[in-house]
Amino acid sequence: MVFEALETTGGYWSPVVWIIAFVVAALVAYILWGMGNRQRKDGEQGTPFLSGHPGPSKEEAHVRAGNIYWGFTEALSGYYRWMKKIHTGIVNDYVLWFIGMAALFFVLIIGLEVIA
Amino acid sequence: MMEDLLTHAPALLLAIPLLGAFLTPLIDRVNKKARSAWVILILVVTQFIMMALAWDVFTQGAHLYTMGAGDPTSTIPAQAAVPVRIVLQVDGMSAFMGLISCTVSLAAAIYSLAFMDRESGKGRFFTLLLLMTVGMLGMEFTGDMFNLFVFLEVLSIASAGLIAFRVYKGDAIEGAFKYIVISTLGALMVLFSVGLFYGQYNLLNIAALANVLEYTFLDKLALGLLIAAFAMKCGAVPMHMWTPDAYTVAPASITAMLVAASQASLYALFRVCFTLYGVTLNLTTVGIIIIALGLLSMFVGVTMAIPQKDIKRLMSYHAISQTGYMLLGVGVGLYLLSKAEFDTYGLRAMEGGIFHIINHALYKGLLFLTAGAIFYKVGTRNLEKMGGLAHSMKYTAIFFIIGALAIAGIPPLNGFASKLLIYESAYQVSPILSIVAMLVSILTLASFVKVFHSAFMGPRLDISDNREVPKSMLAGMAILAVGIILFGLFPDWVVSHLVHPAAQALADQAGYIGSVGGV
């Protein structure tokens, strides 16, 4: 049957059950949302309050790709510095990595067996 | 009629796109519309034959085809004791990969009809596209090592030509140059390995070689070279650096094809490990090597994707990261191949890895096509210069969301099902493997949230043409999006009818050897 659950190592996965659960959860959320206080979206209530300042335009407020996850890349700046260093963009370096890895595989295949 | 078609299907699947490729430039000189119709017709016919062959392989068993033999199933000529002619051997794994290659090729060709309308030289473009299809199918169907090398070369040269297709852009030439240099070196390693086998055993046929392989010092040398060559071609870290350079600059439809091409190399890597060497090799050592490559690829791929500002470069690093999942899943299977646990969770891990191959071809192909659609509209790949595209490109935005959720493993899309199989099986070997895999999924989602926010959200862009991309581009994306949704909704059907036969065929070295009579 096409709708049967997929057996995994530790249990099963059924998209049909998941979709039913999702629809029920969405319905509950919608009902709860509907019971809330209805706010007006126009006028003062609809605009962000920035200590009385008018605030930037939508164009200026749109966060650009370079600024998203700045904190993540800054926290891992040491790792990224190293990564940039090895991603030189020079084909000679690509070849070196390639040949180096081929040699490493060979050493591992031979060497680990000798140790074993 | 149908029986004859199925008997000759392995050869026809190479001959038809090959004939299509050679006739395309001629038809192009006569009529441009006829050329486009011809290319689509060839790929539709190829897809139809591939589906029929795959169904037959999954239900009736492997197909053998000996080129030049009166009886195509007779692999050994009367005057010889071993298979000496070119043999195509299509088992469950080959058929599975063939389906991926044909589907992606068809979607890419349909998408290209409108996507490439501003370019000249489309006769050459479609010729090379068809040759890429031949290269992929040849690698997946061949039953001998030398032809594996030949088709690898066909694929690499056609790919390099297409990466450099926009010759007026310097970075396209640079990307293609890097690709062809590193690919040629990889192909030389494969050729050298073939020479080592031929020198020792006087054989090129994979089944015949697997039957007599003694795992000598030279065989180990060949194994190291083959793992390096195919791992590099599939973009495994740290041999991945050509991938973002080439994927980024190729036309978007070709980038989707390059994903399928990388998977053909991944197939070759698995075929070498499981079928050519099989239980003769040290499964623990090689299994750990493949798992380590998978972990490195997953982590480095996704962390390098996060800071990218070029949409296609970002997606290229994700392609590397997703290849890591496949290496991890199938690597766990290889590690456990001769152990009792193989039947309990080793095979499940392989199924996860193999299921991820087809899922990745679908959603990564789709994501690259959406990136191409954005480039078609905005004229830049720079995310900093995009925004608000969901206002004018509603369908592209929906296709992007489907692809992004699938690659991040969000249920109920297809990426979740294959990742779940990998997480649970890899956990039995070491919880660390699953933890890294899950962490990578979270970072993948974060990365695509960034792309969606930068490209589709925010105020409307000031572009002259505010319409959606042409219908043929949408059709190419729709083919892949429908596949993602169907594979997500019916994972059990896909696993039991497509993935399980493929995983079993890959793990069954004795069956592969035995199917070539007289070996």
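The values are calculated or read from the model by the stated rules, or taken from the named source; none is laboratory data. Predicted model only: the values in this text are computed from it and were never measured. Positions of Cβ are generated from backbone atoms using ideal geometry, with glycine treated the same way; all protein chains shown enter the neighbour counts. The protein model used for the area step is the full one, side chains on, heavy atoms only, and it has no ligands, DNA or RNA in it. Shrake-Rupley method; radii C 1.70, N 1.55, O 1.52, S 1.80 Å.
Within a 10 angstrom radius of each residue's Cβ in B:225-232, how many Cβ atoms of other chains show up on average? Whole number is fine. Before the final figure, lay out the partial values.
Working: counts 4, 2, 6, 9, 2, 0, 4, 5.
The shielding value for this peptide is 4.
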Excluding residues fewer than 8 positions from A:LYS41 in its own chain, the lysines with Cα under 20 Å of it are A:LYS58
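Per residue of A:93-99, what is the mean number of Cβ atoms on other protein chains within 10 angstrom of that residue's Cβ? Could the numbers behind the result be given before it?
Details: counts 1, 12, 6, 0, 8, 13, 4.
Mean shielding by partner chains, rounded to a whole number: 6.
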Residues whose built amide H sits under 5 Å from the amide H of B:ASP310, excluding neighbours closer than 5 in sequence, are B:LEU383
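Quick test of the membrane-span-like rule: which DSSP H helices of chain B reach at least 30 Å along their long axis (C-alpha atoms) with mean Kyte hydropathy at least -0.5? Before the final figure, lay out the partial values.
Details: long enough: B:2-30 (37 Å, 1.19); B:32-60 (42 Å, 1.09); B:92-115 (35 Å, 1.65); B:170-201 (46 Å, 1.07); B:283-305 (32 Å, 2.26); B:311-335 (36 Å, 0.61); B:346-378 (47 Å, 0.84); B:431-456 (37 Å, 1.87).
Going by DSSP H runs, the hits are B:2-30, B:32-60, B:92-115, B:170-201, B:283-305, B:311-335, B:346-378, B:431-456.
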Taking r as the C-beta separation of B:ILE398 and A:THR88 and R0 as 30 Å, the FRET efficiency to the nearest 0.05 is 0.20
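Determine the shielding of peptide B:384-391 by partner chains: average, over its residues, the number of Cβ atoms on other chains within 10 angstrom of each Cβ. List each step's numbers first, then the result.
Values: counts 4, 2, 2, 6, 3, 0, 0, 0.
Other-chain Cβ atoms within 10 Å of each residue's Cβ, averaged: 2.
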Taking 0.36 nm per residue of separation between A:ALA29 and A:SER51 and subtracting their Cα-Cα distance, the length gained on full extension comes to 4.6 nm
Listed by chain and number, the aspartates and glutamates with an alpha carbon less than 17 angstrom from that of B:LYS220, same-chain partners under 8 positions apart left out, are A:GLU113
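Are there any trypsin sites (Lys or Arg not before Pro) in region A:2-73 that are in a DSSP loop and have at most 10 other Cβ atoms within 10 Å? List them by number. Display every interim value, and only then the final one.
On the way: sites: A:ARG38, A:ARG40, A:LYS41, A:LYS58, A:ARG64; in loops: A:ARG38, A:ARG40, A:LYS41, A:ARG64.
Passing sites in region A:2-73 are A:ARG38, A:ARG40, A:LYS41.
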In debye to the nearest 20, the charge dipole size for the protein assembly as shown, taken about the Cα centre with +1 at each Lys and Arg Cβ and -1 at each Asp and Glu Cβ, equals 2040 debye
Counting only backbone N atoms under 14 Å from a point 7 Å out along Cα-to-Cβ of A:ALA103, the residues of region B:185-215 in range are none
Here, A:VAL63 and A:ARG81, labelled 7 Å along Cα→Cβ, have an inter-label distance in nm of 2.6 nm
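Quick one: which of A:5-14, B:243-252 comes out on top by average Cβ neighbours within 10 Å, and what's the full order, highest first?
Working: A:5-14: 16.3, B:243-252: 26.7.
Top to bottom by mean Cβ count within 10 Å: B:243-252, A:5-14.
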Going through B:LYS309/B:LYS419; A:LYS84/B:LYS309; B:LYS385/B:LYS450; B:LYS169/B:LYS450; B:LYS32/B:LYS377 one by one, the pairs whose alpha carbons sit over 19 Å apart turn out to be B:LYS309/B:LYS419; B:LYS169/B:LYS450; B:LYS32/B:LYS377
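Set the Förster distance to 22 Å, then compute FRET efficiency between B:MET2 and B:LEU486 from the Cβ-Cβ distance, nearest 0.05.
Efficiency, from the Cβ-Cβ distance: 0.30.
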Taking a crude spin-label model, label points 7 Å out from Cα along the C-beta direction, the B:GLU384 to B:ARG124 distance in nm is 3.4 nm
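To the nearest 20 Debye, how big is the dipole of region B:18-173 about its Cα centre, given +1 on the beta carbon of each Lys and Arg and -1 on that of each Asp and Glu? Working shown, then result.
Working: 10 positive and 10 negative charges, 159 e Å.
Using only the charged Cβ atoms, the result is roughly 760 debye.
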Scalar couplings 3J(HN,Hα) for region A:10-24 by Karplus 6.51 cos²θ - 1.76 cosθ + 1.60 (θ = phi - 60°), nearest whole Hz, x for Gly and Pro, are x, x, 8, 9, 10, x, 5, 4, 4, 5, 4, 4, 5, 5, 4
Taking B:394-407, B:371-384, B:86-99 and ranking on average Cβ neighbours within 10 Å, highest first, one gets B:86-99, B:394-407, B:371-384
Ignoring ligands and nucleic acids, chains B and A bury, in total, an accessible area (1.4 Å probe) to the nearest 100 Å² of about 5000 Å²
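Which of the chymotrypsin sites (Phe, Trp or Tyr not before Pro) found in region A:31-84 are in a DSSP loop and have at most 16 neighbouring Cβ atoms, other than their own, within 10 Å? Please report the intermediate quantities before stating the final value.
Details: sites: A:TRP33, A:PHE49, A:TYR69, A:TRP70, A:PHE72, A:TYR79, A:TYR80, A:TRP82; in loops: A:PHE49, A:TYR69.
In loop regions of region A:31-84 (DSSP not H, G, I, E or B), the sparsely surrounded chymotrypsin sites (Phe, Trp or Tyr not before Pro) are A:PHE49.
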The alpha-carbon center of region B:247-264 and that of region B:135-178 are separated, in whole Å, by 10 Å
Once amide hydrogens are built 1.01 Å from N within the peptide plane, the residues lying 5 or more places from A:THR8 or on another chain with amide H under 5 Å from its amide H are A:TRP13
In nm, the gap between the two label points placed 7 Å beyond Cα toward Cβ at B:LYS169 and B:LEU41 is 3.2 nm
Rounded to whole angstroms and listed largest first, the alpha-carbon spread of the protein assembly as shown along its three principal axes comes to 93, 63, 53
